[in-house]
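**Q** I have a structure I would like to understand better, so I am pasting it below and will then ask my questions one at a time.
Just so it is clear, none of the values below were taken in a lab; they were calculated from the coordinates. Because the structure is a prediction, the values reported are computed rather than measured. Cβ atoms come from the backbone with ideal geometry, glycine included; neighbour counts cover every protein chain shown.
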Amino acid sequence: MNAGGKNGRKAALAAYKERKSVAGIFAVRCGPAGAVWVGGAPDLDKIQNRIWFQLKMGGCPHRSLQVAWNAHGADSLAFEVVERLEEEELAFARTAALKARTAHWAAALGAEAI
């Protein structure tokens with residue numbers, strides 16, 4: 001059995017479940033296309049994996065992003081966090097903040113909001 005054993009796995013799982021998700025705004029850049037996409041996510045730790053999975057499967061709902069992926073490949077895209085939001089207790093307040101900050105960053109970066 002490994003050093004952490006069953007108790008180590010349980011502790012790691014419990015810690016993962018208890019962690020606070022951090023909401024915020026992210027950007028996806030494609031250098032060869034000269035394009036930027038900006039979006040908001042309630043959990044910045046998970047959004048890149050979700051988008052990259054959608055792109056790999058060819059089912060990304062953001063068509064221009066899927067076109068860039070198909071034309072230039074995965075290595076042409078870069079993911080970055082552009083803003084982390086303060087913790088909001090109420091879900092609707094977080095949703096409104098994400099929407100407003102996404103619009104701000106899309107305008108500031110000349111990006112397409114996704």
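**Q** Compute the acute angle (0 to 90°) between the alpha-carbon long axis of helix 91-109 and the principal axis of greatest extent of the alpha-carbon atoms of the chain; round to the nearest 10°.
**A** Compared with the principal axis, the helix lies near 40 degrees.
**Q** Taking Cα centroids, how far is region 29-61 from region 84-114 in Å?
**A** 16
**Q** Name the GluC sites (Glu not before Pro) in region 59-114 that are in a loop by DSSP and that have at most 15 other C-beta atoms within 10 Å, would you?
**A** Of the GluC sites (Glu not before Pro), the ones in loops of region 59-114 whose Cβ has at most 15 other Cβ atoms within 10 Å are 86, 87, 88, 89.
**Q** If we count trypsin sites (Lys or Arg not before Pro) as exposed when they sit in a DSSP loop and have at most 14 other beta carbons within 10 Å, what is the longest stretch of the chain that avoids them all?
**A** 21-114
**Q** Stokes-Einstein at 20 °C, 1.002 mPa s, Kirkwood radius from Cα pairs: D for region 21-113 in µm² s⁻¹?
**A** Result for D is 159 µm²/s.
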